[in-house]
Amino acid sequence: MFGLENLAGSLIPDWATYFLQSQLPPAQIVFSAILIVTFGLIATERLHRTVAALGGAVATLAAGGYFSYAYSWVPYFTYFASLSYQMEIGLPFLTPVWQPLLFSFTDVYKEFISWSTILIIISIVIITSVASRSGLFEYIIVKVIKFSGGDIKKLFLYIWALTFILTMLLGNNPTFIIVSVLVFQIARVLDLNPVPYILGTMFVANAGSSSTVISGFVNVLVSGYYNLDPARWLSYPTFIVLGLPIALSCMGIALFFIFRHYKDAFQIPKEKMEYLEMRSRLLSFDERTLVRNPKIFWRLGVLVAATVVGFVVAGFVGIPFYVVALVSAFAFLFVSGENPERTLREVNWSLVFFFIGIFIIVGGVDSTNVLGNLGNSLGTLTFCNVPGTVSLVTLFCGLSSGALYNISVATALLYVIPSLSASALINQNLVIWSLLYGANIGASLTPIGGTPNLIAITSLEREGYHVSWRNFLKIGVPITFVSLFAGIPLLIVFSRLLGWGLDFTSLILRILRFFLFL
């Protein structure tokens, strides 16, 4: 992204490039250590993940300042090396290169941080915050409760189907927060242990996170990095075509293991009076009490539909995604008539600063070409092997995401994709989608894999129900592994249908290069 990657494409002789590369190991060690320590603190929860990310960002900036001083001679070196080289080869117009070895502080806010991604996240949080306060989604959930007729198994099957749909529209984090509140209320009314139902809701929300561009922050991150490129199937309408089948298969797998692992929790009481009493308590929910202002209630319902339509249309006509998100956020604030300051206070600024910190840390590591080298190493393991590359990327990303928090892992691996696909000679789009799938599904592996997991565990703790790592892994491991292995064949099928197999252009160039230097 920076540094030597720019040098490689500039008018600098090979001997100078090799000499500069030999100067990098100290910086590679320092920036890699910052990344490893930060991810370790996030994974072990020794520090809050936002504090850890910002601490790592500060360390990256400090190290960047030191190496800028230590390598202050590099711009002068590149200047004279490029001039002498261009004079040697007889270029009519000399273009001297003034290039730092790593990065400047200007690069940090101009290149490292994806501001469009930050704007999308803030806008989506505003939309979901305003919409959820209207009572719209709670109203729909209560309707679903009554539609179940009091049958516990049907009730949660319907609730989880609705959870999947809301995840497509709102994202897995806000959906889980909204639905979990109702699930806790249902558990209290029926005097049930809420653990099976809360964890079930969490696993379904994680499964649905692969369905649309906004269904998970990983999707927002990766799609934003590639500017929601329709050619990569990352615009809103094209994303659904590939993401929804994968998400539906994962939801089916999650439901199978949920009902199998917690089968006793969904049994209807044998005593008829107990069943009738439970049924009457369920059906006693009054959805009308949730509608505080009927006029605004229906207006916001229309706005939710209009926002989804706007995302789809924008994907077809090429309007930037963050523009649609900002316009929708403004519309929700304007129509709701609520105090904007209250809504902005509810924005998860902790997550925003977490993203900024991770962007800076990963950008610093990438400037040393460590991530590029990692991609080359991984790519050589599956050279010209489509199933092998899909399996490697999906499993590596899935297991890493479960152990280290999926957003931070996805951010780092974004910089590995170009070199990995080039080294393996596999179409980059296939590698991108393997990363997306692995990061979303891997979140279900451990209690720290994704944000809904953390919310679920802490919410249950507040209610007096402790879920140990061992108990979580008993259901999280089979759901994650079966979903990962089920998704790999799907991705391979998509690669065949879309022509995402071998990258023949890179293959031909590599063959030509081989014969030219023979």
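What follows draws every value from the coordinates through simple rules; no lab data is involved. Note that the structure is predicted; figures quoted are calculated from it, not measured. Because the Cβ atoms are built from the backbone with ideal geometry, glycine has one as well, and the counts that use them run over all protein chains shown.
Give me the orientation-averaged projected area of the Cα convex hull of region 65-136, in nm², one decimal.
8.2 nm²
Return one number: the angle in degrees, 0 to 90 and rounded to the nearest 10, between the long axis of the Cα atoms of helix 152-170 and the longest principal axis of the Cα atoms of the chain.
The angle comes out at about 40 degrees.
Any chance you could count the Lys pairs in the chain whose alpha carbons are under 21 Å apart, treating pairs 8 or more apart or on different chains as valid?
Eligible lysine pairs with Cα atoms under 21 Å apart amount to 13.
Multiplying the sequence separation of residue 84 and residue 260 by 0.36 nm and subtracting their Cα-Cα distance, what value in nm do you get?
Gain on extension, residue 84 to residue 260, equals 56.2 nm.
Roughly how many debye, to the nearest 20, is the charge dipole of the chain about its Cα centre, given +1 on each Lys and Arg Cβ, -1 on each Asp and Glu Cβ, and no other charges? Please report the intermediate quantities before stating the final value.
On the way: 28 positive and 23 negative charges, 273 e Å.
Using only the charged Cβ atoms, the result is roughly 1300 debye.
Share of Cα-Cα pairs in the chain beyond 34 Å, in percent?
On the way: 56745 of 133903 pairs.
Percent of Cα pairs beyond 34 Å in the chain: 42.
Hey, any idea what Rg/Rh is for region 4-111, computing Rh the Kirkwood way over Cα pairs?
My calculation of the ratio gives 1.12.
Relative to the first principal axis of the alpha-carbon coordinates of the chain, what is the inclination of helix 195-208, with its axis defined by its Cα atoms, in degrees from 0 to 90 and to the nearest 10?
Approximately 40 degrees, to the nearest 10.
Counting Lys and Arg as +1 and Asp and Glu as -1, what is the net charge of the other residues whose Cβ lies under 10 Å from the Cβ of residue 448? The partial results should precede the final answer.
Working: positive: 49; negative: 45.
So the surrounding residues net to 0.
Could you work out how far helix 172-190 tilts from the main Cα principal axis of the chain, as a 0 to 90 degree angle to the nearest 10?
20 degrees
Compute the Cα gyration tensor for region 351-505, then decide on rounded, prolate or oblate, letting a ≥ b ≥ c be the square roots of its eigenvalues: rounded whenever a/c is under 1.5, prolate when a/b is larger than b/c in the other cases, and oblate in all that remain. Could you put the intermediate results ahead of the total?
On the way: a/c = 2.76, a/b = 1.53, b/c = 1.81.
In terms of gyration-tensor shape, oblate.
Between region 326-385 and region 187-207, what's the alpha-carbon centroid distance in Å?
Distance between centres, Cα-based: 29 Å.
Charges only on Cβ, +1 for Lys and Arg, -1 for Asp and Glu: so what's the dipole of region 350-516 about the Cα centre, in debye to the nearest 20?
Value, rounded to 20: 240 debye.
Which trypsin sites (Lys or Arg not before Pro) in region 43-116 sit in a loop by DSSP (not H, G, I, E or B) and have at most 16 other Cβ atoms within 10 Å of their own Cβ?
Here the sparse-neighbourhood loop sites are 46.
5 Å is the cut-off here: which amide hydrogens, built 1.01 Å from N in the peptide plane, fall below it relative to residue 426, excluding neighbours closer than 5 in sequence?
Residues meeting the amide H criterion: 503.
Across all directions of projection, what mean area in square nanometres is found for the Cα convex hull of region 129-218?
5.4 nm²
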